[in-house]
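Encoded as structure tokens, the structure appears first; notes follow it.
The values are calculated or read from the model by the stated rules, or taken from the named source; none is laboratory data. Source: prediction; values computed, not measured. Note that each Cβ is placed from the backbone with ideal geometry, even for glycine, and that neighbours are counted across all protein chains shown. Side chains are part of the model used for accessible areas, which takes the heavy atoms of the whole protein and leaves out ligands, DNA and RNA. Shrake-Rupley method; radii C 1.70, N 1.55, O 1.52, S 1.80 Å.
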Amino acid sequence: MELETERLILRSLSSDDWQFFKHLHQLPAVMRFISDMPTLDLIKQRFDERCISWQKQSNEWLTLTMFDKKSMTPIGVTGFLSLWQSYQQAELGFMLDPEFQGLGYAKESTLRVMAFAFDECDYHKVTATVTQGNDASSRLLTALGFKPEGILRDNYKINNKWCHDLKFGMLKSEFS
């Protein structure tokens, strides 16, 4: 699968993306709000699970590698976990190399992924979970029109510290 934006190509994760996927998962600045630093075995397991022929009924991750159109440099991964059965929902997720953060790529790719989810896959709702303190992701989701749906207290442990998760959601009818 391939999606395009003005500056990006979003392509299904493939075996060619292993080195970049591993690189992202080994960057403390990227993993800070996602999880403890994963072992190489865990990174490989996640990679293998996401290198699939995705279908919305599969209840698995659609993972797309983001490439800068001009240079074809990989800059991040994006996509969603399909929760089609029986909720018609998707859980958004993205990781961006710090070198490319703050340049609008997360917004651009997220808008395209959401258009795909709503317009092409007919999801009813897209949600996102953000670890409290990840202000950049919270601001991005709010700017895109996601609504806060609550706080899950002490919901996730990162580096042996309990963290609150902020839940956001957007209905298909709210996407423009």
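For the chain, with every protein chain kept in place, what is the accessible area per residue (1.4 Å probe, Å²)?
53 Å²
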Quick one: grab the alpha carbon gyration tensor of the stretch 29-125, order the square roots of its eigenvalues as a ≥ b ≥ c, and give me rounded if a/c is under 1.5, else prolate or oblate depending on whether a/b is larger than b/c. oblate
Once the convex hull of the alpha carbons of the stretch 1-83 is built, what does its volume come to per residue, in cubic angstrom? 106 Å³
Find the centroid of the Cα atoms in the stretch 18-71 and in the stretch 121-152, then give the distance between the two in whole Å. 20 Å
Have a look at the DSSP beta bridges in the stretch 1-152 and tell me what percent are antiparallel, nearest 5. 90 percent
Under the helix-only model (-39500 (n - 2.57) for each DSSP H run of 4 or more, divided by the residues of the chain), the mean residue ellipticity at 222 nm, to 500 deg cm²/dmol, is -7500 deg cm²/dmol
Compare the peptides 144-151, 36-43 by average per-residue count of other Cβ atoms within 10 angstrom and give them in order, highest first. 144-151, 36-43
Once all Cα-Cα distances of the chain are split into 10 Å bins that start at 0, what whole-number percent is in each one? 10, 38, 41, 11, 0
Cα-based Rg then Dmax for the stretch 68-109, in Å, read 13.2, 40
Here, Ser53 and Asp154, labelled 7 Å along Cα→Cβ, have an inter-label distance in nm of 4.6 nm
Rounded to the angstrom and largest first, Cα extents along the principal axes for the stretch 76-176 equal 39, 33, 20
For the chain, the accessible surface attributable to carbon and sulfur atoms (probe 1.4 angstrom, ligands and nucleic acids excluded) amounts in percent to 49 percent
List every residue whose amide H lies under 5 Å from the amide H of Cys51, counting only residues 5 or more places away in sequence or on a different chain, with H placed 1.01 Å from N in the peptide plane. none
Could you tell me the calculated FRET efficiency between Arg46 and Met72, based on Cβ-Cβ distance and R0 = 22 angstrom, to the nearest 0.05? 0.40
Could you work out the mean projected area of the convex hull around the alpha carbons of the stretch 1-49, in square nanometres to one decimal? 4.2 nm²
As straight-line cross-link partners of Lys44, the qualifying aspartates and glutamates (C-alpha separation under 19 Å, not fewer than 8 residues apart within one chain) are Asp16, Asp17, Asp36, Glu60, Asp97
